[in-house]
Amino acid sequence: MTKGRFITFEGIDGAGKTTHLDALEQAWKQAGHEVVRTREPGGTPLAEKLRGLFLHDAMDPLTEALLVFAARRDHIQTVIEPALARGAWVLCDRFTDATFAYQGGGRGFDQTVLGTLESWVQDGLQPDLTLLFDLDPAIAAARLSAARQPDRFEAQDQAFFERVRAAYLARQQAQPARFAVIHADQPQADVAAQIQTILSQKGLL
Ligand code: TMP
C-alpha cells in the first residue's frame, strides 16, 4: 500500500515544465515533506544509460517503446515504489502518458501494445495527479529554437508535436480525474497561479 504522493508533469517539448517543477519541489520541501524529484526516461543509473540511447540512437518504434518501459520498470522498482512506501512525495518529470503521447501519438505506435506494456510494467501504479502543460506546438517551438542542440524528439516537425498534443489530450479525456490541464501559453506567473490553485484544491500544497 503506498503512503506517499506521486505527481507527474507532462507536455510537449518547450511547454515550460522545469521552472514549475523547481518551484513545487521547493514548496514541498519547505512544507517538510521528503521530496523525491526525478524524471523519465531516467531516474536510476540504469535508466539514465537507457535514456542516452533512447534520445540519441536511431531505432524502430517497438524498440523505442520497449526501451522506455525497461527504464521505467527499473525506475519504479528501485526509486518510485520504495519512496512512496516510506511516505515520500515523488515529483516526476514525465511518465507513461509521455509514452502514449510520443510513441503512440507522435510515432503512431499501437496504443493497445502500449497498454499491455503499461500493465506489465506498472502493476497498477498510476500517478495521483498529472499536470498536463498544454500549448500550441508553434509557441513551444519558438521557445525551444534558441535553446540547446535538439535530441531525436525535439528535432521532430510541428505535425509530430500536433499528434503528441492530441494524444496527451485524448489520454486526459479518458482519465479526467487523474489529470489537470495547465494552459501553458499564459505568462509564467499565471501558469504558477493555475498550478497553485489545482494543488491547493487537491490538498497537495
Ligand atoms: P525531457 O527532455 O523532457 O526530459 O524528455 C525527454 C524526451 O523523451 C522528450 O522529448 C519526450 C521523450 N519521451 C518519449 O518519447 N517517451 C516517453 O515515454 C518519455 C518519458 C519521454
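Please treat every number below as a calculation from the coordinates, not as lab data. Quick caveat, the model's predicted, so the values are computed rather than measured. Cβ: placed from backbone, ideal geometry, glycine included. Neighbour counts: every protein chain shown.
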Those residues of the range 62-91 which are more than 16 Å from the ligand (Cβ to nearest atom) and of a type in the set (Ser, Thr, Tyr), in sequence order: THR78
Residue list for the range 2-15, restricted to those being part of a loop (DSSP other than H, G, I, E, B), within 11 Å of the ligand (Cβ to nearest atom) and either in contact with a Gly (Cβ under 6 Å, 6 or more places away or on another chain) or not β-branched (Val, Ile, Thr) (or both): ASP13, GLY14, ALA15
Over the range 18-61, the set of residues touching a Leu at 6+ places or on another chain (Cβ under 8 Å), charged (D, E, K, R) and within 13 Å of the ligand (Cβ to nearest atom) is ARG37
Give all pairs with beta carbons closer than 9 Å in which a residue from the range 187-198 that is assigned to a helix (DSSP H, G or I) meets a residue that is aromatic (Phe, Trp, Tyr); count only pairs at least 6 apart in sequence or on separate chains. VAL191/PHE133
Could you tell me whether any residue of the range 136-147 is among the charged types (D, E, K, R), surrounded by fewer than 17 Cβ atoms within 10 Å (Cβ to Cβ) and within 15 Å of the ligand (Cβ to nearest atom)? yes
Taking the condition of being among the hydrophobic types (A, V, I, L, M, F, W, C) and either in a loop (DSSP other than H, G, I, E, B) or loosely packed, with under 15 Cβ neighbours inside 10 Å (or both), how many residues in the range 24-61 meet it? 5
Here is a check on your reading of the model: is ALA177 farther than 14 Å from ALA138 by Cα and in a loop (DSSP other than H, G, I, E, B)? yes
Which condition breaks for ALA167 when tested against (1) hydrophobic (A, V, I, L, M, F, W, C); (2) surrounded by 18 or more Cβ atoms within 10 Å (Cβ to Cβ); (3) away from the ligand (no atom under 13 Å from the Cβ)? (3)
Flag if GLY106 is within 18 Å of PHE153 (Cβ to Cβ), in contact (Cβ under 8 Å) with a residue 40 or more places away in the chain and within 14 Å of the ligand (Cβ to nearest atom): yes
Considering only the range 24-76, state which residues are of a type in the set (S, T, N, Q) and farther than 30 Å from ALA193 by Cβ. THR44, THR63
Taking first residues from the range 142-161 that are touching a residue at least 60 places away in the same chain (Cβ under 8 Å) and more than 19 Å from ALA184 (Cβ to Cβ) and second residues anywhere that are in a helix (DSSP H, G or I) and aliphatic (A, V, I, L, M), the pairs with Cβ under 6 Å that are 6 or more apart or on different chains are ASP151/LEU55; ARG152/LEU55
